[in-house]
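Throughout, read-outs are computed from the coordinates displayed, never taken from laboratory work. Quantities reported herein were computed from a predicted structural model and do not represent experimental measurements. Backbone-built Cβ (ideal geometry, glycine too); neighbour counts: all protein chains shown.
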Amino acid sequence: MTCSGKNVFTGTGIEIAFEQSIETLTSLENSSESYLAPAWIDLQVNGFAGVDYNDPRTPHEEIARSIRVLFSTGVARFFPTVITGPPQGMLEALRNLSRAKDTLAEGQAIEGFHVEGPHISGEDGPRGAHPRAWVRKPDFAEFERWQDATNGRIRIVTLSPEWPDAPRYIERIVAAGAVAAIGHTQANASQLSEAVAAGASLSTHLGNGAHAVLPRYNYIWEQLAEDRLVADFIVDGIHLPVTFLRVALRAKGVERSVLVTDAAAPAGCSPGRYRLGEVDVELTPDHRVVLAGQQRLAGSALRMDRALETVIRQGGVSLADAVRMATVNAAKAGRISRRQLGLVPGERADLVQFRFDPENKRIEIGATWLSGREVYRNSASAPL
Ligand SMILES: [Zn+2]
């Protein structure tokens with residue numbers, strides 16, 4: 001199979017020949033106006049298109065439908081994310097998702113699982129929308145139960161290093177092949193540096209899941225300054241003020257920055273009430289996902305193509321850099337093999353073809369491939 005367009009990283013015309021992997025890249029004198037890029041990767045998706053991944057009873061055909069909608073946004077690989085809940089509920093949600101991965105054609109898009117919580121801060125503010133009743137200290141035996149339920153597919157765990165046992169826990173999950181991510185935390189400087197020394201390598205949605213009012217020097221600065229931590233950001237125009245986004249991108253540099261959606265079930269839906277694990281959430285007409293009846297944000301209604309547009313518009317980064325933040329950088333942060341180099345022979349043929357309107361910073365997805373299989377084509381748009 002082949003596809004052609006402009007290489008998003010170089011701007012030059014290319015034809016890509018691929019099976020399951022990219023086989024060759026050939027330069028073209030003239031190419032169409034559409035771009036070719038590695039398909040987007042999303043490290044944090046709680047639900048999408050009305051489907052809640054945190055509910056153990058979510059039917060597999062609903063999970064399949066939500067993944068097809070993700071494909072239409074240019075995402076080919078993602079980490080369904082299970083948040084803080086009762087031990088049995090989290091375990092069953094993970095088991096349900098893992099069975100979906102094994103049985104669905106769309107399951108190939110599930111790269112692994114992200115468990116966000118329950119070993120986070122119990123404090124209002126850093127805890128975010130996670131239910132306080134189920135916050136608990138790090139427990140490696142619980143991690144092993146998650147691994148048993150998912151055939152060892154737990155790949156990211158977000159926790160707070162403020163727990164005394166955090167460094168030892170981080171060492172053990174990293175040794176077991178998971179990425180230890182810092183988030184929903186009020187850890188102090190020494191707790192953060194001990195966590196990094198123990199192997200933590202990622203900051204989860206830095207700037208969110210934090211106190212509304214903070215000391216002048218605080219855990220956000222510490223993580224911004226720590227070059228061993230890659231940071232991911234929810235760039236939906238709602239979660240982060242433009243000035244923080246710009247400062248954070250300068251502090252981390254593009255190479256240490258990753259886009260995530262943190263999408264919840266209402267993403268891609270109309271305003272109204274939805275579920276996120278144990279809690280009721282509401283999608284407001286201005287696209288905020290809040291705890292029902294409150295103002296507290298509880299995930300986003302973001303889709304990754306819109307995140308790219310927003311980081312270009314608000315963060316002042318180039319299209320190529322925005323794509324890096326949603327592809328190769330995410331692959332490195334999530335330790336996804338054969339996705340870390342970009343449009344290079346030998347990489348998995350997860351590809352996206354899209355148009356970009358530089359004036360309005362709009363992306364229109366034309367087609368998405370997952371390991372060489374076309375999983376989405378925009379029939380409404382003109383031929384690409
Ligand atoms: Zn969170």
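Positive contributions from Lys and Arg (+1) and negative ones from Asp and Glu (-1), summed over other residues with Cβ under 11 Å from the Cβ of S31, come out at -2. In terms of its C-alpha gyration tensor, region 286-330 has a prolate overall shape, because the principal axis ratio a/c (a ≥ b ≥ c, square roots of the eigenvalues) is not below 1.5 and a/b outweighs b/c. Straight-distance candidates among the lysines for linking to K361, with alpha-carbon spacing under 25 Å and chain neighbours fewer than 8 residues away dropped: K6, K252. Listed from fewest to most Cβ neighbours within 10 Å, the set V196, V328, V279 follows the order V279, V196, V328. List the residues, sorted by chain then number, that are 5 or more residues from A367 or on another chain and whose placed amide H is less than 5 Å from its amide H. Amide H to amide H, under 5 Å and 5 or more residues apart or across chains, A367 pairs with Q353, N378. The Cα atoms of region 148-273 give a gyration tensor whose axes a ≥ b ≥ c have a/c of 1.5 or more with a/b no greater than b/c, which makes the shape oblate. Of all aspartates and glutamates in the structure, the ones whose alpha carbon falls short of 16 Å from that of K332, not counting any fewer than 8 places away in one chain, are D42, E111, D227, D232, E255, D321, E347, D350. The ellipsoid equivalent to the alpha-carbon distribution of the chain has semi-axes of 32, 22, 21 angstrom, derived from the gyration tensor eigenvalues as √(5λ) and listed largest first.
Exposed loop sites, defined as GluC sites (Glu not before Pro) outside DSSP H, G, I, E and B with at most 12 other Cβ atoms within 10 Å, are absent from the longest region of the chain, namely 34-358.
Ranking S98, Q340, I110 by how far each Cα lies toward the positive end of the dipole of region 38-341 (charges on Cβ) leaves Q340 at the top. Under 5 Å from the amide H of V179 lie the amide H atoms of I156, V157, each residue being 5 or more positions distant or on a separate chain, with H modelled from the backbone and absent for Pro and chain starts.
Quick check on region 119-163: what are the equivalent-ellipsoid semi-axes from the Cα gyration tensor, as sqrt(5λ), descending, whole Å?
Working: eigenvalues 100, 21, 18 Å².
Output for region 119-163: semi-axes of 22, 10, 10 Å.
What does the helix-only formula give at 222 nm for the chain: each DSSP H stretch with n ≥ 4 adding -39500 (n - 2.57), the total divided by the residues, and the result rounded to the nearest 500 deg cm²/dmol?
Working: 10 runs with 104 residues, N = 384.
Taking each H run of at least 4 residues, the total per residue is -8000 deg cm²/dmol.
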